[in-house]
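One structure below.
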Amino acid sequence: MIHSLFLVNASGDIFLEKHWKSVVSRSVCDYFFEAQERATEPENVPPVIPTPHHYLISVLRHRIFFVAVIQSEVPPLFVIEFLHRVVDTFQDYFGVCTEAAIKDNVVVVYELLEEMLDNGFPLATESNILKELIKPPTILRTMVNTITGSTNVGEQLPTGQLSVVPWRRTGVKYTNNEAYFDVVEEIDAIIDKSGSTITAEIQGVIDACVKLTGMPDLTLSFMNPRLLDDVSFHPCVRFKRWEAERILSFIPPDGNFRLLSYHVSSQNLVAIPVYVKHNITFREGSSQGRFDLTLGPKQTMGKAVEAVLVSSQLPRGVLNANLNASQGTYTFDPVTKMLSWDVGKINPQKLPSLKGTMSLQAGASKPDENPTINIQLKIQQMAISGLKVNRLDMYGEKYKPFKGIKYMTKAGKFQVRT
């Protein structure tokens, strides 16, 4: 299946490679670099690139491309899912998945990749199993390994490998038993000049942190489960129970894991959290343009809109921007023509605005089109789709765990056309 894996940084350098079946020359990545040059943005590089003798399947995470080399036809999503699992494992082990973190822990990285794939096929991808096989690096363990020449690889086979629930190790014990669930939704939308929604969809995940003694059996029910489209589950979820009753029934892994991811694509179900009033004008023959922008909360159920960041790629003819922000700070880069406005938290009583003029090149023609506005935001304690957890029950154990649910909405690719 997967023959080789190459890690490519933002500069286009291969800083790590791993081969399972046979060594594939680095020159195969030339096809990837050509596709990268053709793409205007790193996100636009095709995820599957055919070459005369191989297929290159890649994902972009944390400004690093993970490029898998395949020689026979396999379902691309299977490989993409595995690559995402590799990134998540690195994050779990090292705290961050950056080029520096990978280089600092290169021995552990190779040990993990060796366990996650066996002769090119996925073997152990569960965090619990991997942590029993390969101990996460610590300063003390690194010092001891350096002095003694030992490795992080465990001496015993993980207990979970031998059980009917391979994602959970046996004999788990905690003094404080707790289960936390985070419902995180990301809204992608395009709003036209008049304020109408062209497209809008929600990508959501439910991340869990479960620290429970023994072998608990959990059920999680929702107020409105019919909202969820295109649901992807962790292997622990009993799919037949979900199909019949729309209830999540599962024996959870120990620690942090992603319970499910989902998609809400019905446009009438997607609420738009903010509105934008804009007046951006350029006059023919004039050396000045007008910039007027106001933000306000729309459908937020009374929750505060926080961490708002507005950015816009202004036309090439703009030399400078002389603006006044009623809230937050703005920056304009005269080289890249990128305008960024860090708004912070929106106060509904005093809406933030950014107003002023733009200096244009003398004699330059009027720009062909107005710039688009990109918005980033966060709303705590709200799922924009309206999804709500009804109850969480536990069976199989006699103690009472502490349970908590947290909601958050953030903007993905949220674009307003002017």
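The values are calculated or read from the model by the stated rules, or taken from the named source; none is laboratory data. All values derive from a computational prediction rather than experimental measurement. Every residue, glycine as well, gets a Cβ built from its backbone with ideal geometry; the counts of neighbours run over all protein chains shown. Surface accessibility is based on the protein's heavy atoms, side chains included, excluding ligands, DNA and RNA. Shrake-Rupley method; radii C 1.70, N 1.55, O 1.52, S 1.80 Å.
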Looking only at segment 111-134, and only at residues there that are part of a loop (DSSP other than H, G, I, E, B) and in contact (Cβ under 8 Å) with a residue 60 or more places away in the chain, the one that is surrounded by the most Cβ atoms within 10 Å (Cβ to Cβ) = 126
task = Could you check, for segment 170-193, whether at least one of its residues is in contact with a helix residue (DSSP H, G or I) (Cβ under 9 Å, 6 or more places away or on another chain), open to solvent by 30 Å² or more (accessible area, probe 1.4 Å) and part of a loop (DSSP other than H, G, I, E, B)?
result = yes
query = Which of the residues spanning segment 82-110 are open to solvent by less than 30 Å² (accessible area, probe 1.4 Å) and not in a loop (DSSP other than H, G, I, E, B)?
reply = 82, 83, 86, 87, 89, 90, 93, 101, 102, 108, 109
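Do we find a residue being under 17 Å from residue 273 (Cβ atoms) and hydroxyl-bearing (Ser, Thr, Tyr) anywhere in segment 390-400?
We begin by selecting, within segment 390-400, every residue under 17 Å from residue 273 (Cβ atoms); these are none.
No.
Mind checking whether some residue in segment 261-269 is closer than 22 Å to residue 206 by Cα and open to solvent by 60 Å² or more (accessible area, probe 1.4 Å)? Give the derivation first.
Pass one, segment 261-269, residues closer than 22 Å to residue 206 by Cα: 261-267, 269.
If we keep only those that are open to solvent by 60 Å² or more (accessible area, probe 1.4 Å) too, we end up with 267, 269.
The answer is yes, given that some residue of segment 261-269 is closer than 22 Å to residue 206 by Cα and open to solvent by 60 Å² or more (accessible area, probe 1.4 Å).
Determine, yes or no, whether residue 219 is open to solvent by less than 50 Å² (accessible area, probe 1.4 Å), at pLDDT 80 or above and within 24 Å of residue 17 (Cα to Cα).
Numbers: open to solvent by less than 50 Å² (accessible area, probe 1.4 Å): yes; at pLDDT 80 or above: yes; within 24 Å of residue 17 (Cα to Cα): no.
No.
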task = Show the residue pairs that are 6+ apart or on different chains and have beta-carbon atoms under 8 Å apart, the first residue being within segment 364-390 and touching a residue at least 24 places away in the same chain (Cβ under 8 Å), the second being open to solvent by 20 Å² or more (accessible area, probe 1.4 Å) and acidic (Asp, Glu).
result = 365/284; 366/284; 377/306; 378/306; 379/306; 380/306
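In the set 366, 378, which member is among the charged types (D, E, K, R) and either under 28 Å from the mean Cα position of the chain (by Cα) or not in a loop (DSSP other than H, G, I, E, B) (or both)? Steps first, answer last, please.
Details: 366 fails: either under 28 Å from the mean Cα position of the chain (by Cα) or not in a loop (DSSP other than H, G, I, E, B) (or both).
Residue meeting the stated conditions: 378.
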message = Can you pull out every residue in segment 288-315 that is open to solvent by less than 60 Å² (accessible area, probe 1.4 Å) and in a loop (DSSP other than H, G, I, E, B)?
response = 300, 304, 314, 315
note = Among residues of segment 316-355 being among the charged types (D, E, K, R) and free of Cβ contacts under 8 Å to residues at least 60 places away in the same chain, the residue least open to solvent (accessible area, probe 1.4 Å) is 337
Residues that are touching a residue at least 60 places away in the same chain (Cβ under 8 Å) and exposed (fewer than 11 other Cβ atoms within 10 Å of the Cβ), drawn from segment 28-81 = 72
inquiry  = Any residue at all in segment 406-416 that's in contact with a Gly (Cβ under 8 Å, 6 or more places away or on another chain) and open to solvent by 20 Å² or more (accessible area, probe 1.4 Å)?
reply    = no
query = Which condition number in (1) modelled with pLDDT under 70; (2) surrounded by fewer than 16 Cβ atoms within 10 Å (Cβ to Cβ) is the one that residue 160 fails?
reply = (2)
key: Residues of segment 196-236 satisfying the condition of being assigned to a strand (DSSP E or B), within 30 Å of residue 399 (Cα to Cα), over 22 Å from the mean Cα position of the chain (by Cα) and not small (Gly, Ala, Ser)   = 211, 217, 218, 219, 220, 222
request  = Please enumerate the residues belonging to segment 237-251 that are outside any strand (DSSP E or B) and either among the aliphatic types (A, V, I, L, M) or surrounded by 15 or more Cβ atoms within 10 Å (Cβ to Cβ) (or both).
outcome  = 238, 242, 244, 251
